[in-house]
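Student: I'd like to ask some things about the structure below.
The values are calculated or read from the model by the stated rules, or taken from the named source; none is laboratory data. As the structure is a computational prediction, the values presented were derived from the model and not from experiment. Every residue, glycine as well, gets a Cβ built from its backbone with ideal geometry; the counts of neighbours run over all protein chains shown. For the accessible areas, the whole protein counts, side chains as well, though only heavy atoms, and no ligand, DNA or RNA atoms are used. Shrake-Rupley method; radii C 1.70, N 1.55, O 1.52, S 1.80 Å.
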Amino acid sequence: MSARMRIAVAGAGLIGRRHAELIATSADCVLAGIADPSPAAKEFAQARNAPWHADHRALLEQEKPDGLIIASPNALHLPMALDCAEAGVPALIEKPVTDSVAAARRLCEAVKRSGVPMLVGHHRRHNSIIKAAREAIAAGKLGQLTAVAGLWLLKKPDDYFEIAWRREHGGGPLLINLIHDIDNLRFICGEIAEVQALTSNMVRGFAVEDTAGLLLRFANGALGTMTVSDATPAPWSWELTSGRERGIPEAGSALLRLRRHARLTVGAEYGAVVLPARSRLARAAGSRARRTLHLRSTR
């Protein structure tokens, strides 16, 4: 039997801790260490008998892990990933891959030069609902794609923004939340060829957006609209409609009664796929008849 892979985590916030917990319970991996300068991270590592380092470079040098999960604030993704490339350590980088297009291009160039494998943590495309939608569309069950309409609306609590980087460039809902939906759309519908967008920060007045609207043109000719806001008490987000995300505040009974309503619709010439919770494929057959196929999620 081969030895378990030694996987380390850089960044011990909400997502980093979830990764560490999954590693600790895996039969194939072992937690090789945690890098995060905060005292809380040190306590978290010690409670799991895992090596702790204030700096990810010290972790790479001393622990020599088989891989590193980068779950740090967005602005740190690039320097950490570059250090992994230099050290020859493969990395799973939490989305977004970086906080700007220029930074992403630098990282792509470094990966090509080094040949070190790196992956972005777009895990939702592996959800059974998303995969079923992709398969249905690829099989031609709906005909030619025409239009996509999506919402990501949720009210983040005030204490969410006590962490400074969430109030700054790169820390808004476009890169933290909507990036999941964009990846899902690329996976289901194909590449996006053109984007137009408007953003606003008028609710909180932070340096980063709290609301945005996007107009998309897909390479296959389909058009799409996406609206995102983390300042709106509404149930139309993956986190609420899927009911599968931890740490999302309850929105009140009136809204929770709506949580299974459609959040993302992919339309085509014969019908549409509605995602995610009561996900279904509806196809017209003749002038009146309609057949519905439910797409169920499995963990």
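Student: For the range 58-133, I need the span (max minus min coordinate) of the C-alpha atoms along each principal axis, in Å, sorted largest to smallest.
Tutor: In descending order, the Cα extents are 42, 28, 24 Å.
Student: Kindly report the accessible area of the range 1-159 per residue (heavy atoms of protein chains, probe 1.4 Å, no ligands, DNA or RNA), in Å².
Tutor: With the other protein chains kept in place, the range 1-159 gives 51 Å² per residue.
Student: What are the equivalent ellipsoid semi-axes of the range 167-222, built from the alpha-carbon gyration tensor (square roots of five times its eigenvalues), in whole angstrom, biggest first?
Tutor: 25, 12, 7
Student: On alpha-carbon atoms, Rg over Rh for the range 107-253 using Kirkwood Rh?
Tutor: 0.99
Student: What fraction of the Cα pairs in the range 78-193, stated in percent, has a spacing above 20 angstrom?
Tutor: Summing the P(r) of the range 78-193 above 20 Å gives 56 percent of all pairs.
Student: Quick one: if you stick a label point 7 Å off each Cα along the C-beta vector at L215 and R105, how many nm between them?
Tutor: Using points 7 Å along Cα→Cβ, the separation is 2.5 nm.
Student: For the range 143-247, with only Lys/Arg (+1) and Asp/Glu (-1) charged at the beta-carbon, what is the dipole magnitude about the Cα centre, in debye rounded to 20?
Tutor: The dipole of the range 143-247 has a size of about 140 debye.
Student: I would also like to ask the following. What translational D, rounded to a whole number of µm²/s, comes out for the range 47-87 from Stokes-Einstein when the hydrodynamic radius is the Kirkwood one over Cα pairs, at 4 °C and 1.567 mPa s?
Tutor: Rounded to a whole number, D works out at 118 µm²/s.
Student: Can you run the Rg to Rh ratio on the range 1-148? Use alpha carbon positions and the Kirkwood inverse-distance Rh.
Tutor: Result: Rg/Rh = 1.06.
Student: Mind checking which of L31, L60, L78 is farthest towards the positive end of the range 1-85's charge dipole, using Cβ charges of +1 (Lys, Arg) and -1 (Asp, Glu) about the Cα centre?
Tutor: L31
Student: Treating only the Cα positions of the range 130-199 as identical point scatterers, give the base-10 log of I(q)/I(0) from the Debye formula at each q in 0.15 Å⁻¹.
Tutor: -0.66
Student: For the pairs K42/K131; K95/K156; K42/K112; K64/K131, note any where the Cα-Cα span goes beyond 29 Å.
Tutor: In this structure, K42/K131; K42/K112; K64/K131 lie more than 29 Å apart at Cα.
Student: Here's something else I'd like to know. Within the range 66-107, which residues have the backbone N less than 17 Å from the label spot 7 Å out from R57 along Cα→beta-carbon, could you tell me?
Tutor: Of the residues in the range 66-107, 76-89 have backbone N under 17 Å from the label point off R57.
Student: Show T265, T25, T146 ordered by accessible area, largest first, where the area counts protein heavy atoms only and the probe is 1.4 Å.
Tutor: From most exposed to least exposed: T25, T146, T265.
Student: Another question, if that's okay. Would you mind calculating the relative contact order of the range 1-142 from Cα pairs under 8 angstrom and at least 6 residues apart, reporting the percent as a whole number?
Tutor: In percent, rounded to a whole number, it is 19.
Student: Give me the percent of the accessible area of the range 1-156 that comes from carbon and sulfur atoms, probe 1.4 Å, all protein chains in place.
Tutor: 57 percent
Student: Taking the Cα centre of each part, how many Å lie between the range 26-62 and the range 192-235?
Tutor: The two parts, judged by their Cα centres, are 36 Å apart.
Student: For the range 79-119, count the residues as N, evaluate 2.2 N^0.38 Å, and divide the Cα radius of gyration by that value, please.
Tutor: Compared with the compact-globule rule of thumb, the range 79-119 sits at 1.01.
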